[in-house]
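Here's the structure, in structure tokens; my notes come after.
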Amino acid sequence: GALAGAALAKGISDNMNIADSRAKLQAQLGLTAQDAQKYGKIAGDVYRGNFGESIDDVNTAIKGLSNNIEGFGDQSPDAIKKTTEAALTLASTFDVEVNDAARAAGAMIQNGMAGNANEAFDIIARGFQTGLDSSGDFLDTLNEYAPQFRKVGLDGQLALGLVSQGLKAGARDADTVADAVKEF
């Protein structure tokens, strides 16, 4: 009986936390009750899939994606779920903040360096895997210099290849290479 009572109390507490988290996301994004319900279901599905440390963590990811990727909320619930999972995976794998990754991905999409968020996250992951964050400036560089890369006609893969070559040739960090492209 005590175990059943404890389980019931935990279930009620968890549901209250989810409701509080959903209300917070609704207020942060100015969502309608219907949209908050949609995002709440998506967040629950993502969290149940073992993404994020908590439902608040998942909602923070959804907020970051919504604020940084144009049209994020216009996607299907399945696409929103997959993009949220990709963002959380990237953040946990490379120890970065989801919002920082979302901001870089948004800049890449806006400037034609990637066709969608999942492609941007794949390109960003490859950049981390190949050492482009050796100075801790990779995401900031993508965010800041995406318009410059667009001006010279570089897509995401070409831009990362150029940054990689610059680093291998002795540039101190990704920002230095990107700044050289800007000056060019």
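The values are calculated or read from the model by the stated rules, or taken from the named source; none is laboratory data. These figures come from a predicted structure and were not determined experimentally. For neighbour counting, all protein chains shown are included, and Cβ atoms are generated from backbone atoms with ideal geometry for every residue, glycine included. Side chains are part of the model used for accessible areas, which takes the heavy atoms of the whole protein and leaves out ligands, DNA and RNA. Shrake-Rupley method; radii C 1.70, N 1.55, O 1.52, S 1.80 Å.
Pop the C-beta distance of Lys82 and Thr176 into the FRET formula with R0 = 22 Å and round what comes out to the nearest 0.05. Step by step, r from the Cβ atoms, then E = 0.05. Cross-link check: pairs Lys82/Lys151; Lys63/Lys168; Lys38/Lys82 evaluated at a Cα-Cα cut-off of 25 Å; pairs beyond the cut-off: Lys82/Lys151; Lys63/Lys168. The Lys24 and Arg126 beta-carbon pair, evaluated with R₀ = 45 Å, returns a calculated FRET efficiency of approximately 0.85. Nonpolar atom fraction for the chain, defined as the carbon and sulfur part of the 1.4 Å probe accessible area, stands at 49 percent.
Among complete DSSP H helices in the chain, those whose alpha-carbon atoms stretch at least 30 Å along the helix's long axis and whose mean Kyte-Doolittle hydropathy reaches -1.0 are 2-29. Counted residue by residue at 0.36 nm each, then reduced by the alpha carbon distance between them, the extension gain from Thr93 to Asn118 reaches 7.5 nm. Take the chain with all the other protein chains still there, run a 1.4 Å probe, and you get 54 Å² of accessible area per residue.
In a simple Cβ point-charge model (Lys, Arg +1; Asp, Glu -1; nothing else charged), the chain has a dipole of about 380 debye relative to its Cα centre. Spin-label model, Ala169 to Ser134: label points 7 Å out along the Cα-to-beta-carbon direction sit 1.4 nm apart. Remark on region 31-144: hydrodynamic radius 14.0 angstrom, per the Kirkwood mean of 1/r across alpha carbon pairs. For Glu144 and Gln110, the difference between the fully extended length at 0.36 nm per residue and the C-alpha to C-alpha distance is 11.0 nm. Using a Debye calculation, one point per C-alpha and no hydration shell, please list log10 I(q)/I(0) for region 99-140 at q = 0.19, 0.21, 0.22 Å⁻¹ in order. The Cα Debye sum returns log10 ratios of -0.49, -0.59, -0.65.
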